[in-house]
1. Amide H neighbours of GLY29 under 5 Å, at least 5 residues apart or on other chains, H built in the peptide plane: list them.
2. Sequence-distant or interchain residues sharing an amide H contact under 5 Å with TYR126, placed H: which?
3. Give me the extension gain from HIS187 to ALA13: residue separation times 0.36 nm, minus the current Cα-Cα distance, reported in nm with one decimal.
4. At 7 Å along Cα-to-Cβ for each site, give me the label-to-label distance between ARG100 and THR21 in nm.
5. Using the Cβ atoms and a cut-off under 12 Å, what net charge is assigned to the surroundings of GLY57, where Lys and Arg are +1 and Asp and Glu are -1?
6. Suppose each label sits 7 Å from its Cα in the direction of the beta carbon; what would the THR45-ALA33 distance come out to in nanometres?
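Bear in mind that the values in this text are calculations on the coordinates, not laboratory data. Because the structure is predicted, anything quoted here is derived from the model rather than measured. When we count neighbours, we look across all protein chains shown, and the Cβ atoms used for this are built from the backbone with ideal geometry, even at glycine.
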Amino acid sequence: MLLSLLAVSNAHAREWIVHPTLGDSSAAGTIAAPQFFDELIRRSTRVAPGDIINMRGGTYQYTSTYEPDPIPDSNARLWEAEVDGLSSAPIIIQNYKNERVILDGSVAQFETKAHAILVVTGNYNYIKGIEITILAPSTRNITQPLHTWFCNLYPNYSCGESNRWDRIGNAVDVYGVGSKIINCIIHDAGQGI
C-alpha cells in the first residue's frame, strides 16, 4: 500500500535540465534545450513536488545586472530555492550524473554587502552533490565592522579583519521545512550552513 502511494505521488514528477551558460528561461528544460537555473528555482509555477532539477556540470555565476535582494536590512542572496516540495515528494536539486557543479558566490560588481550564495526558503528541497564556494577573493573595503553592536556588546571579542562574519557571504542558509543539504562540498565562504 505504501509503495503504491509513493508511486502515485511521484507519477507526475518531471526531470529538468539546467546549464550554467546555455540556459534559457523559455526552454523546455531538456538536454537539448536546458532551462535557466535561477528562474526555475524561484517560485516557478513549472516546478512541482517530486520534480528533479539536474544541474549540468560547470560553474554557475550570478550574472544579472541587478543586485540580488536589494531590500534594506535583509539577508541578500544570489540564488534562492523558493519552490515547495512535499514530505512525500521533495524537490531534488542535484548534479547531473556526478558532473562537477559549482555555485560561485563571487560577485565583484556587488561587494557593498555580503551575499549568501544559496538560500533555501522552499519546503522539502533536497540539494545534492553541489559544490558551493566563493572562487574569487573579495576586494571589499571592510575597515569598518558592519555589526558594531556586536563588538560593543562583547568588547573581549576580536572584531578585527580575520573574525568578521560579514566579510563575505554565507554559503547556504536553510529556512525551508524539511529541506536538506546532502553530499555537498561547501568551502571558502563566510560561514558554511
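1. GLN35
2. Excluding prolines and chain starts, which carry no amide H, the hits are ILE91, ILE92, ILE93, LYS180.
3. This chain segment gains 59.5 nm when fully extended.
4. Reported label-point gap for ARG100 and THR21 is 1.5 nm.
5. Net of charged neighbours comes to +1.
6. 1.9 nm
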